[in-house]
Structure formats: structure tokens, C-alpha cells
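Report on the structure given below.
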Amino acid sequence: MDLHFDLSLIQSYKSASQIARVLTEDWLARNMYCPVCGEVSIRRAEANAPVKDYVCENCKSQYELKSKNENSDKYATKVNDGVYQKMIERITSLDNPSFFFMHYDAYEVNNLIIVPKCFFIPDVIEKRKPLPPTARRAGWTGCNILLKDIPDFAKIPIIRNGVSLDPKNVCREYNRVYSLQTNTLESRGWLFDVLNCVERLDTTFTLKQMYEFVNELKMKHPGNNNVEAKIRQQLQFLRDKGFLEFTSRGSYKKIGL
């Protein structure tokens, strides 16, 4: 994988934002494989496709790229994105894209991660203030992706500190994490919220410790009157998928979280 940008593409550009867009989008189209099926390349989506930059011809998986000029493997807590309402419509359709997050410096990629689509719920999309009446696009309302609220294990590295990782391992890890995909937005939300609680506990924890999050989860899901049962259900799901181990009655151990 060549980590350098093709500088011949930007001879006619002067805007820094346009230069960054052209270079990063071209790089991904030329170098990135599909993390889902391992297809050697992905293509750019049709122009102006909302919340979708790339598509795999083989498995039809969709992707969006967010990039930043930064020489670090530490990602921002929030990432600017486009129109808020379009983003919400896409991620609630269950046909939403996975997201690449890229860092580059000195015209080459130094860090790249992917977050599977099952970790995008309305709670991780922050609505920005509409542009004021004096702005050229008055009333336009953008959004931020709250990357800090997505569990760390779902941020799968592809390039780390200038070194590209084995594509087979990346695909294996992507599909391990993506096995947590659910059939409804409601179940996706519950799993996401319980995972965030689990991530805040030690490697080994108890059901009693999980119940300490009941009030917090009630606020997020006010329509559910049996939060304890929902917690147990999600822990069972995580155990069945190999992310938790049941060590004894009411006790759990994290595996790869």
C-alpha cells in the first residue's frame, strides 16, 4: 500500500480544502481494499450521493471518508460532517455506510481506522447550530460525529503510525466487530449503550455492577420499564458473539473489548 498522495492531481487547485479533498479521496480509491469481503479495491460512489463516498463492487458495502491533516494516532473527540438531517436519515435506514477516519501529514497517510456501520446511532450525531441569516447558506444545519462516544474496540486500525496492517487481519477484525450488527435501530441503540457501560468497567465485572447503570439507561430509553432484563439480554448477546465470557453466576470477563 503506497501511503503517498498523487500531487499531480492538484496543479490547478488553490483552495486548501479542495486540495485536501482531492488528494485524500483519490488515495482511498487507489489504495483501499474492502474491509468487509477483502475485495482488492473500492470505487467512488456516484456524485453527490448523501453520506456515501465509496462502494465495494463485490459485496456492495458502502463507506464514507473523513480526513484530517494530523500526524497522530489519537483521533478527535468529534468530527465535522455534512447536513444533520441527511445524516440522521441515512444512519437510521439500516443501509448506512461504515466510516473511514484518516490522518495525513506531509502529503502521506499516517493513520487510518474504520468504524463499522452498526456503531452509528442518532446519539453519536451532534446537531450543530444553523448558520445565521447573514450567512450565504443561511439556516444550513450541519452535524458532528461524536467519535469519543463510539467504543474503542470498534475503531479498527488499517494504518497505524505509517505502517499498513495485514489486510487479512483487518478484514477478520472488521467482521468480528460487525457480527454485532442487529436487525433494528432500537436493538442497535440498546447494544451500543450497554457496550459503553461495559467498557467503563474492569476486565472482569459483575451483573450487580451493570445494574448500577440502570438509571442512566432509563434516561436513554424512557419507554422501557424492565431495564435490568434488557441489560441481561445484551450481555447474553455479547457472550454468544464471543465478546464476553461467563465466568460464574453473575460474573463476566471481557474478551477483545
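Values quoted throughout were computed directly from the atomic coordinates according to the rules given, and no laboratory measurement underlies them. Fair warning: this is a prediction, and the values are worked out from it, not measured in the lab. Every residue, glycine as well, gets a Cβ built from its backbone with ideal geometry; the counts of neighbours run over all protein chains shown.
Pairs of alpha-carbon atoms within less than 8 angstrom and 6+ residues apart define the contacts here; what relative contact order does the chain have, in percent?
Over the chain, the number comes to 14 percent.
Which distance in Å, rounded to a whole number, links the C-alpha centroids of region 145-212 and region 2-77?
About 23 Å separates the Cα centre of region 145-212 from the one of region 2-77.
For region 138-192, just say rounded, prolate or oblate: build the C-alpha gyration tensor, square-root its eigenvalues into a ≥ b ≥ c, call rounded for a/c under 1.5, and beyond that prolate if a/b exceeds b/c, oblate if not.
oblate
For a quick check, take a GNM of the chain with Cα springs below 10 Å and name the residue from Ile145, Ile231, Ile19 with the largest mean-square fluctuation.
Evaluated over the chain, the most mobile residue of the options is Ile19.
Around Ile125, which amide H atoms from residues at least 5 apart in sequence, or from another chain, sit under 5 Å from its own amide H, with H modelled in the peptide plane?
Leu146
Just rank Ile121, Ile255, fewest to most, by other beta-carbon atoms within 10 angstrom.
By the 10 Å Cβ count, ascending, the order reads Ile255, Ile121.
Under 10 Å, Cα contacts only: if you run a Gaussian network model on the chain, which one of Tyr54, Tyr33, Tyr63 comes out with the highest mean-square fluctuation?
Tyr33
Sequence-distant or interchain residues sharing an amide H contact under 5 Å with Asp53, placed H: which?
Result for Asp53 returns Tyr63, Glu64, Leu65.
Please list, in order along region 202-211, the HN-Hα scalar couplings obtained from phi with the Karplus expression 6.51 cos²θ - 1.76 cosθ + 1.60 (θ = phi - 60°), rounded to whole Hz, x for Gly and Pro.
Couplings: 5, 4, 10, 8, 10, 4, 4, 5, 5, 5 Hz.
What residue among Arg239, Arg176, Arg137 has the largest mean-square fluctuation in a Gaussian network model of the chain, using Cα springs under 10 Å?
Among Arg239, Arg176, Arg137, the largest mean-square fluctuation in the Gaussian network model of the chain belongs to Arg137.
In sequence order, what are the phi-derived ³J(HN,Hα) couplings for region 223-234 according to the Karplus relation 6.51 cos²θ - 1.76 cosθ + 1.60 with θ = phi - 60°, rounded to whole Hz, with x for glycine and proline?
Ordered by residue, 3J(HN,Hα) equals x, 9, 9, 9, 5, 4, 5, 5, 4, 4, 4, 5 Hz.
Shape call for region 74-229 from the C-alpha gyration tensor, a ≥ b ≥ c root eigenvalues: rounded (a/c under 1.5), prolate (a/b greater than b/c) or oblate?
Taking the square roots of the gyration eigenvalues as a ≥ b ≥ c, region 74-229 is oblate.
When only Cα pairs under 8 Å and 6 or more residues apart are kept, what is the percent relative contact order across region 185-254?
37 percent
Just check region 7-166 against the gyration tensor rule for me: Cα atoms, a ≥ b ≥ c as the square roots of the eigenvalues, rounded for a/c under 1.5, and otherwise prolate or oblate depending on whether a/b exceeds b/c.
It is rounded, given that a/c, with a ≥ b ≥ c, falls under 1.5.
Which of the residue pairs Lys117/Lys241; Lys155/Lys208; Lys127/Lys254; Lys74/Lys253; Lys14/Lys66 have a Cα-Cα distance greater than 25 Å in the structure shown?
Lys155/Lys208; Lys127/Lys254; Lys74/Lys253, as the Cα separations exceed 25 Å there.
What residues qualify as long-range amide H neighbours of Leu244, i.e. H under 5 Å apart, gap of 5 or more or another chain, H built at 1.01 Å from N?
HN-HN under 5 Å from Leu244: Arg239, Ile255.
Write out the cysteines belonging to the chain for which the nearest other cysteine Cβ is not under 4.7 Å, or none if no such cysteine exists.
Cys118, Cys143, Cys171, Cys197, each lacking another Cys Cβ under 4.7 Å.
Taking θ = phi - 60°, what integer Hz values does the Karplus form 6.51 cos²θ - 1.76 cosθ + 1.60 yield along region 62-75, in sequence order, with x for Gly and Pro?
10, 9, 10, 10, 10, 10, 8, 6, 7, 9, 7, 8, 9, 9
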